[in-house]
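Participant: Starting off with a structure, shown below.
Values in this text are rule-based calculations from the coordinates and carry no lab data. Just so we're clear, the structure is a prediction, and the values are computed from it rather than from any experiment. Every residue, glycine as well, gets a Cβ built from its backbone with ideal geometry; the counts of neighbours run over all protein chains shown.
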Amino acid sequence: ITSKELAEITLKRIKKYDSKLKAFLYVNEEWVLKQAEMADQRRKEGKAGALTGIPLSIKDNIHIEGHPTTCASKILANYIAPYDADVIERLKTEGAVFIGKTNLDEFAMGSSTENSGFFPTRNPWDLERVPGGSSGGSAVSVSARLGLGSLGSDTGGSIRQPAAFCGVVGMKPTYGLVSRFGLVAFASSLDQIGPFALNVEDLALLLKVIAGPTPKDSTSAEITPPDFTKAIQENLKTSYRIGLPREYFAEGLDPEIQKTLEEVIHILKKRHTLKEISLPHTKYALATYYIIAPAEASSNLARYDGVKYGFRAEAKTLLEMYKKSRAQGFGKEVKRRIMLGTYALSAGYYDAYYLKASKVRTLIKEDFDKAFQEVDLIFAPTTPTPPFKLGEKTADPLQMYLSDIFTIPVNLAGIPALNLPVGLTSQNLPIGAQIMGPNFKDDTVLSLAYQLE
Ligand code: GLN
């Protein structure tokens, strides 16, 4: 099959299925076909890369030069990215074909893709249910085979939770392994770009391509990443010490998810040493996250003032223009976060909220450090429940926030974690398991996932 044929098949599937699923915010056929033709040309010249002709979708908060980046926000409607994200540059070098930009919760704030400023995305397993979020469009595009992989961003679970809801693999790499250059910032100390794929082998290959240091990003780690595709093959029979965190198998966990994970644990016991562990500060993770993430967001989003980017409201004075542009451009959840964050950072409250949260964050990180002295990896559920119905949690932000309770601690600690589909509920909805590892042991995380697949 040629790259052009593969691109045409993918575009045809998008036409057929995406009118219902709504995974994409932007598909430019002419551009897709041109990239595919170039990929075929490269192959003919014997210059094929690791991903030549592979159709990938990209979350619409990652820049591709000359194409829109909206972050699913009205405030960035009509904004065209002026440069490539570091990950995009790397994918281009390997010959990937970008098929389009995928839907998300506005500025990646949400857990269901219902906060998109344009339209919600639907779960291919049940159209009445959410795909998760915020990278819902990316998860759906892979789950429905509208492309063979995708990139998303994970600040508090936004890759792993939608991967779990849509039955695909998705990974948040170690903070700093993949450059954030060209990712629109939400909460800079938590944000991390990562891949979605149909299987662990593809996931390892995508991570191998996008990982690595760059002088353009001061938070990118000065390390040479291991060869992930080689590591998973070499470790096919390696036995690990695996921790089962008590706090993740507690009340509130859906019984069908619990049962399926117990079955997987039974299989794990054949090769690995399992051990119950405790991450005692887990109960503070959600509260900590909802101080730190909004605080950083309120600062990062100050740049959208109607002057530099995208949308500008009609006004008579400069101040009125700022106010109106922000009032009309941002959606409800984004405004909620800006207000929470501004409050937490304001004089007189900084010590009580932001500083306190930063200290608790350290305790959460130390829980993991301690655990990883005894175990190589941690195995847990990705989400407390299967995908919920559209509209079910939109009225109550706290209920929505709770769906990330198992994914948020990982971001606070910076460690790598992935979602692996491990079964289906009686209603035929995907169940995901989460594998977490120590910092920069992304290869070990992938290796156990590959064994289990
Ligand atoms: N759902 C979480 C939030 O709304 C996490 C989002 C994310 O990882 N981008 O902040």
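Participant: Taking 2.2 N^0.38 Å as the expected size of a compact globular protein, what ratio does the Cα radius of gyration of region 302-358 give against it, to two decimals?
Facilitator: That works out to 1.37 for region 302-358.
Participant: So for region 3-233, averaging the separation of alpha carbon pairs under 8 Å that are six or more residues apart and normalising by length, what relative contact order in percent results?
Facilitator: 18 percent
Participant: Oh, and also: Can you list the chymotrypsin sites (Phe, Trp or Tyr not before Pro) in region 1-63 that are in a DSSP coil and have 15 or fewer other beta carbons within 10 angstrom?
Facilitator: Filter output for region 1-63: empty list.
Participant: Sticking with this one: Leaving out same-chain residues fewer than 8 places away, which lysines sit with a Cα under 27 Å from that of residue 22?
Facilitator: Answer for residue 22, where 27 Å is the Cα cut-off: 4, 12, 34, 59, 74, 92, 101, 172, 332, 335, 389, 393, listed by chain and number.
Participant: Another one. When a/c is below 1.5 the answer is rounded, else prolate if a/b is larger than b/c, else oblate, so apply that to region 98-203 with a ≥ b ≥ c taken from the square roots of the Cα gyration tensor eigenvalues.
Facilitator: Oblate shape, in that a/c is at least 1.5 and b/c is the bigger or equal ratio.
Participant: Out of region 91-174, which chymotrypsin sites (Phe, Trp or Tyr not before Pro) are coil in DSSP terms and have no more than 13 other C-beta atoms within 10 Å?
Facilitator: Here no chymotrypsin sites (Phe, Trp or Tyr not before Pro) fit, given the DSSP loop and packing criteria.
Participant: Treating cross-link reach as a plain straight distance, find the aspartates and glutamates whose alpha-carbon is under 19 Å from the alpha-carbon of residue 275, omitting any fewer than eight places away in the same chain.
Facilitator: 247, 262, 263, 366, 367, 369, 374, 376
Participant: Hey, rough spin-label estimate for residue 424 and residue 336, points 7 angstrom out along Cα→Cβ, what's it come to in nanometres?
Facilitator: Here the modelled spin labels are 3.3 nm apart.
Participant: Give, in nm to one decimal, the length gained when the segment between residue 189 and residue 327 is fully stretched (0.36 nm per residue of separation minus the Cα-Cα distance).
Facilitator: The span from residue 189 to residue 327 would gain 47.0 nm if fully extended.
Participant: Quick one: Cα centre-to-centre distance for region 331-396 and region 232-261, in angstrom?
Facilitator: So the separation of the two Cα centres works out to 22 Å.
Participant: With just the Cα atoms of region 19-162, tell me how far they stretch along each of the three principal axes, in Å, largest first.
Facilitator: Dimensions of region 19-162 along the principal axes of its Cα atoms: 46, 32, 27 Å.
Participant: For region 195-311, what are the per-bin percents of Cα-Cα distances with bins 10 Å wide, up to the bin holding the maximum?
Facilitator: Histogram of Cα-Cα distances, whole percents per bin: 10, 19, 31, 28, 9, 3, 0.
Participant: Also, quick follow-up: What lysines could a cross-link reach from residue 316, if we take a straight Cα to Cα line under 17 Å and drop same-chain neighbours fewer than 8 places away?
Facilitator: 324
Participant: With the contact rule set at Cα under 8 Å and sequence spacing of 6 or more, what percent relative contact order holds for the chain?
Facilitator: Contact order relative to length: 18 percent.
Participant: In nm, what is the difference between 0.36 nm times the number of residues separating residue 236 and residue 307 and their Cα-Cα distance?
Facilitator: That pair, residue 236 and residue 307, stretches by 20.2 nm at full extension.
Participant: Run through every distinct alpha carbon pair of region 304-448 and return the Kirkwood hydrodynamic radius in angstroms, one decimal place.
Facilitator: 18.9 Å
Participant: Give a quick list of GluC sites (Glu not before Pro) in region 167-260 that DSSP marks as loop, anything other than H, G, I, E or B, with at most 11 other Cβ atoms within 10 Å.
Facilitator: In loop regions of region 167-260 (DSSP not H, G, I, E or B), the sparsely surrounded GluC sites (Glu not before Pro) are 222, 251.
Participant: Okay, next question. Using label points projected 7 Å from each Cα along Cα→Cβ, tell me how many nm separate residue 20 and residue 216, to one decimal.
Facilitator: Label at residue 20, label at residue 216, 3.9 nm between them.
Participant: Rg/Rh for the chain: what does it come to with C-alpha atoms and Rh from Kirkwood?
Facilitator: Using Cα coordinates only, the ratio equals 0.95.
Participant: If every alpha-carbon in region 114-164 counts as one equal scatterer, what log10 I(q)/I(0) does Debye give at q = 0.20 1/Å?
Facilitator: At q = 0.20 Å⁻¹ the computed log10 ratios are -0.61.
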